[in-house]
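Heads up: the structure comes next, in structure tokens.
The values are calculated or read from the model by the stated rules, or taken from the named source; none is laboratory data. Quick caveat, the model's predicted, so the values are computed rather than measured. Every residue, glycine as well, gets a Cβ built from its backbone with ideal geometry; the counts of neighbours run over all protein chains shown.
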Amino acid sequence: MSGTMIALSFGITFLLSVFLAVGITSLIYWVNDRAISPFIVSHRRGLVRAISLSFLAVLYVIQGLQFQVDPVMSVFGYHWAFLNLMLVCLYVIVVQVGDLVTLAVQAVAAGMYVWRFAAPLSGWVVGAYLVWLALLMGCYWQRRRLHESRLLDHLAILAVGVWGIGTIYLTQPRSWDGWWWGRELLAYALLSVIICEANRLMLATDVKTADLQRVAAYERLTGDAAFTRDQAELARLLVRAQDLGLSLTVVALDVDRFGDYSRSVGFLSGNVALVKFADVLHDVVATTPNGRFFRSGGDEFTLALLDATPQATVALVGRHRGGRRSGR
């Protein structure tokens, strides 16, 4: 086949790989970090795991069929397109999502794949597979450092991919083909860079969006009054308490370790916790004829109750918080 046809087949296959990889990783990212539906947030880990394992299972089947029909990969794209896609997505799932169960399942599946297609199953193949598995597990345990360093992230995904490709390459006796290796490594390197940068762009966009929302419109999240807008109402409650000779209790509340929680589950998913906390305060205010609460900013709220002691107010909040927890 002419060089033009090889280049055209390579280009089309590569674009298809990019399209599929961006699509599935975006879906996983949306479920893991962007979705704020209480159902999705409650079942986030299971949904991500189901999507990841289903997609990887499809790639295993396609890769196996392609390998049986064309062991030297001399037709479809002139490189191991589905293997590249599998390795890139597996890295993203293990490192970005941090799913140890998916890693364990894929370790077993990859071992069975190597055992099935290796001819023969030599010590070199087994050793290469174990090194690849060690690399993948190392990426899992060091995923926080990989999140923080763009360079380490790119080097890690290249190491996992190149060693994985080499492991599959050793499963069959082959003749050296420098042009094939050039196409294969170029395709994998480009795909890994595109996916890593796309994920970083999505994360950076969400962080900036969340920051703008917190700064510009606190009340949009919970639908409650912003403290800056309702300071006058708090002043009126104080005047009324003085006129009637009643006490006015003002309580400042926040969500413990909300920053750590929000970073671990996703900034928008963390908003669900703030909405639930606001629901508790709604319940508290609904039981008192002269109560108000405001969202002061971020995870901070202010509760004002007329004719209530501080001790009674704290106990009231605790009872409603416990009722919400047991009911959900």
Check your understanding: For the subset of region 311-328 comprising residues that are farther than 13 Å from residue 253 by Cα and at pLDDT 70 or above, which member is surrounded by the most Cβ atoms within 10 Å (Cβ to Cβ)?
Key -> 316
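In contact with a Gly (Cβ under 9 Å, 6 or more places away or on another chain), at pLDDT below 80, buried (at least 16 other Cβ atoms within 10 Å of the Cβ) and not aromatic (Phe, Trp, Tyr): does that describe residue 226? It would help to see each step written out before you state the result.
Details: in contact with a Gly (Cβ under 9 Å, 6 or more places away or on another chain): yes; at pLDDT below 80: yes; buried (at least 16 other Cβ atoms within 10 Å of the Cβ): yes; not aromatic (Phe, Trp, Tyr): yes.
So residue 226 fits the description; yes.
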Practice item. Tell me which residues, restricted to region 168-190, are at pLDDT below 90 and either farther than 30 Å from residue 4 by Cβ or among the hydroxyl-bearing types (Ser, Thr, Tyr) (or both). Key: 169, 170, 171, 173, 175
Check your understanding: Could you say whether any residue in region 115-123 is crowded, with 19+ Cβ neighbours inside 10 Å and either within 25 Å of the chain's Cα centre (by Cα) or modelled with pLDDT of 75 or more (or both)?
Key -> no
Review point. Which ranges mark the helices (runs of 4 or more DSSP H) fully within region 79-182 that have 1 or more residues being out of contact with any Leu (no Cβ under 7 Å at 6 or more places or on another chain) and of a type in the set (A, V, I, L, M)?
Key: 81-92, 100-117, 123-141, 150-169
**Study point:** Which numbered condition residue 236 fails, given (1) more than 20 Å from residue 318 (Cβ to Cβ); (2) buried (at least 16 other Cβ atoms within 10 Å of the Cβ); (3) at pLDDT 75 or above
**Key:** (2)
Study note, to complete from the structure: Checked against (1) modelled with pLDDT of 80 or more; (2) of a type in the set (Gly, Ala, Ser); (3) surrounded by fewer than 13 Cβ atoms within 10 Å (Cβ to Cβ), residue 52 satisfies every condition except (3)
Revision key, fill the gap. Note on region 154-191: residues acidic (Asp, Glu) and touching a Phe, Trp or Tyr at 6+ places or on another chain (Cβ under 8 Å) are 184
Review point. Being out of contact with any strand residue (DSSP E or B) (no Cβ under 7 Å at 6 or more places or on another chain), buried (at least 21 other Cβ atoms within 10 Å of the Cβ), modelled with pLDDT under 75 and within 19 Å of residue 156 (Cβ to Cβ), is that true of even one residue in region 29-44?
Key: yes
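Identify, please: which residue in region 285-301 is closer than 20 Å to residue 235 by Cα and either among the β-branched types (Val, Ile, Thr) or part of a loop (DSSP other than H, G, I, E, B) (or both) and is, among those, modelled with the lowest pLDDT? It would help to see each step written out before you state the result.
Initial filter on region 285-301 (closer than 20 Å to residue 235 by Cα): 285, 288-297, 300-301.
Of the ones still in play, those that are also either among the β-branched types (Val, Ile, Thr) or part of a loop (DSSP other than H, G, I, E, B) (or both) are 285, 288-290.
Working: 285: 77, 288: 71, 289: 66, 290: 70.
It comes out as 289.
Quick one: in region 160-182, which of the residues that are among the polar types (S, T, N, Q) and farther than 22 Å from residue 193 by Cα is surrounded by the fewest Cβ atoms within 10 Å (Cβ to Cβ)? Don't jump to the end; show me each part of the working.
Keep residues of region 160-182 that are among the polar types (S, T, N, Q), which gives 167, 171-172, 175.
Imposing the further condition that a residue be farther than 22 Å from residue 193 by Cα reduces the set to 171-172, 175.
On the way: 171: 23, 172: 14, 175: 6.
Out of the qualifying residues, it is 175.
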Revision key, fill the gap. Note on residue 304: of the conditions (1) surrounded by 12 or more Cβ atoms within 10 Å (Cβ to Cβ); (2) part of a helix (DSSP H, G or I); (3) modelled with pLDDT of 70 or more, unmet is (2)
Practice item. Look through 215, 193 and report the one residue that is among the β-branched types (Val, Ile, Thr), part of a helix (DSSP H, G or I) and modelled with pLDDT of 90 or more. Key: 193
